[in-house]
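The values are calculated or read from the model by the stated rules, or taken from the named source; none is laboratory data. Treat the numbers as computed from the prediction; the structure is a model and nothing was measured. FYI the Cβ positions are ideal-geometry reconstructions off the backbone, even for glycines, and counts take in every protein chain you see.
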Amino acid sequence: MDQAQVAEHYNTRRDEGRQGRRQSRILQLRNLNNWVKSVLISLHLRPGYAVLDLACGKGGDLQKFVRGHVSLWVGVDHARVSLQHALQRYNELPDEQRVFPAFLICADAFGVPLEPHWDRAWPKFDLVSCQFAMHYAFESAERVRMLLRNVTARLKPGGFFIGTTPDANVLVRKLRAAPGWWFGNSVYRIEFEPPPSSETTPLKAGGDDQADTTAPAAAKTFPADRPYGIRYRFTLDENVEDCPEYLVHFPSLEVLAREEFGLELLLQMNFHEFFHTFALAKDAPPTYRELLRVMRVFHPESHSLSSEEWDAAYLYTVFAFRKVAANGDGGACPSWPGLVDEKDWPCRPCARLDPEQAIVDVGKD
């Protein structure tokens with residue numbers, strides 16, 4: 001039921017367009033999120049890579065892959081309306097940028113196997129990206145396994161699985177510090193479902209920013225032997241409203257990815273740490289600092305983010321896995337020299353996608 005609700009949420013969201021995005025109350029947060037994704041992708045992308053973009057939505061990262069000179073882009077998403085926007089975004093690329101084929105699959109990448117629907121003429125993927133979506137898989141162990149199966153089925157040895165997802169450590173820490181079962185600020189709100197056995201006491205009236213129940217921090221624990229299905233509801237300003245999500249227990253993910261799917265963890269950083277490492281540190285690549293300006297991450301007047309937006313960014317973490325070869329050698333890890341150089345990629349323009357036939361619909365088994 002949750003997955004249908006999530007798909008419906010994204011299917012019914014209006015396309016606000018570039019002008020609408022510029023008027024967003026959380027513009028700087030959205031730009032920061034885009035900067036994080038741009039840097040993360042650039043760290044692991046090389047010209048000629050074939051890319052699988054899971055939960056690609058409206059193709060918001062398509063330009064990042066265009067700049068990286070990919071040779072193939074396959075977008076998968078559960079929301080068909082979002083894929084129609086992604087198709088339009090690809091078709092509107094100028095000829096000099098639309099030099100790689102694109103394929104779109106409408107499917108729940110956490111619920112059904114995708115490999116039967118791959119075109120056998122495709123090369124194996126060098127990079128799989130899953131941005132701000134993996135938490136939906138953590139409804140159950142079976143869904144996480146399906147995600148990892150789809151990630152690794154056609155991923156080359158030495159290939160990368162990268163993404164962004166809520167940071168469970170931060171969420172639980174904030175929950176335990178809150179008087180009740182929810183926390184947030186003017187930008188976001190996260191509300192957990194208290195276990196049936198918890199005892200809660202109403203707070204005295206104190207305004208809208210007061211939690212409506214109290215609970216000791218000790219009661220806000222989640223059993224380590226049941227890391228899946230820990231649900232909360234998330235609201236983010238005008239973008240997400242009371243949407244069901246699940247805690248991502250990263251230790252369980254790391255063990256499952258390594259032991260059953262041959263993926264080794266290379267990188268996991270909270271957004272704050274990632275920002276400090278690649279933007280503020282003395283040895284941070286200048287290209288990434290310049291990208292902050294280009295992407296207008298900071299408010300033009302204050303030259304910073306609001307404290308509320310910065311707090312919202314703290315809710316997330318980046319990750320990167322690498323597929324280990326059969327001999328145990330994961331292949332060469334890319335250096336981190338900065339963004340992929342802009343250079344001519346001598347290919348002919350690819351045909352635009354047919355809006356009536358380009359999206360492959362995949363149902364449940």
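Some observations on this one:
- The residues of region 80-90 that are among the aliphatic types (A, V, I, L, M) and buried (at least 23 other Cβ atoms within 10 Å of the Cβ), listed by number, are LEU83, ALA86.
- Residue in region 145-152 that is part of a strand (DSSP E or B) and either over 25 Å from PHE271 (Cα atoms) or in contact with a strand residue (DSSP E or B) (Cβ under 6 Å, 6 or more places away or on another chain) (or both) present: no
- Residue within region 84-95 that is touching a residue at least 40 places away in the same chain (Cβ under 8 Å) and farther than 20 Å from ALA358 by Cα present: no
- Given (1) of a type in the set (Asp, Glu); (2) in a strand (DSSP E or B); (3) without any contact (Cβ under 8 Å) to a residue 24 or more places away in the chain, number of the condition GLU142 does not satisfy: (2)
- Within region 255-272, the residues that satisfy the criterion of being within 17 Å of the chain's Cα centre (by Cα) and not hydrophobic (A, V, I, L, M, F, W, C) are GLN268, ASN270, HIS272.
- Total residues in region 273-288, condition out of contact with any Phe, Trp or Tyr (no Cβ under 8 Å at 6 or more places or on another chain) and either more than 25 Å from VAL170 (Cβ to Cβ) or hydroxyl-bearing (Ser, Thr, Tyr) (or both): 5
- Across region 91-133, the qualifying residues are those that are loosely packed, with under 14 Cβ neighbours inside 10 Å and not in a loop (DSSP other than H, G, I, E, B), and the one among them that is farthest from the chain's Cα centre (by Cα) is PRO116.
- Residues being at pLDDT 70 or above and surrounded by 14 or more Cβ atoms within 10 Å (Cβ to Cβ) - total across region 207-228: 5
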